[in-house]
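Read the structure below first, then the notes.
Read-outs throughout are calculated quantities, based only on the coordinates presented, and are distinct from any laboratory measurement. Keep in mind the model is a prediction, meaning the values are calculated, not measured. Neighbour counts run over all protein chains shown; Cβ positions are idealised from the backbone, glycine included.
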Amino acid sequence: MAALYLHPTDQLLKVDVMRGTDRLSLNVAAVQTRDRMDQLADVGDPRKSHVGRLGIFGLDFDDELRSMLPDLRISSGVIVIGLAPQFNSVNTGLRTGDVIHTLNRTPIESVEQLRSAVAQFKAGDPVVLRIERQGQLQYLAFEME
């Protein structure tokens, strides 16, 4: 079935299926689907979205992003659209799709604000992020390196 994702969407594919001893031939339309995070990664400018000290790429919330992610409990913050582990020496626990709402109890509204706040930390400083992951609010705690 993976072949359905590899062909143009306007093309019908002939699929032969065995059902017991009977062979069925079906014409199936190719499927075009993309993960929401893939769509968001296309929107982000790597130079503007990179938060080096956290090893992430993030996006600010705007009306378009809110419409793409209507199930969020809090529709503000920075959404993690990718990880850049080669730049990240600290294990934050962040994952693609996480939404960062606060950093040490300070609300985060933009990538630039997050980048500026993280730049103030020294090695060994405690950091607590309040995030939303798959509809659940949680905290990630770590020390800045």
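Key figures for this structure:
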| item | result |
| --- | --- |
| Ascending count of other beta-carbon atoms within 10 Å, so fewest first, for SER49, SER75, SER116 | SER116, SER75, SER49 |
| Relative exposure of MET144, MET68, MET18, judged by other C-beta atoms within 10 Å (fewest first) | MET18, MET68, MET144 |
| Pairwise FRET efficiency - ARG19 versus SER110, Cβ, R0 = 41 Å, nearest 0.05 | 0.15 |
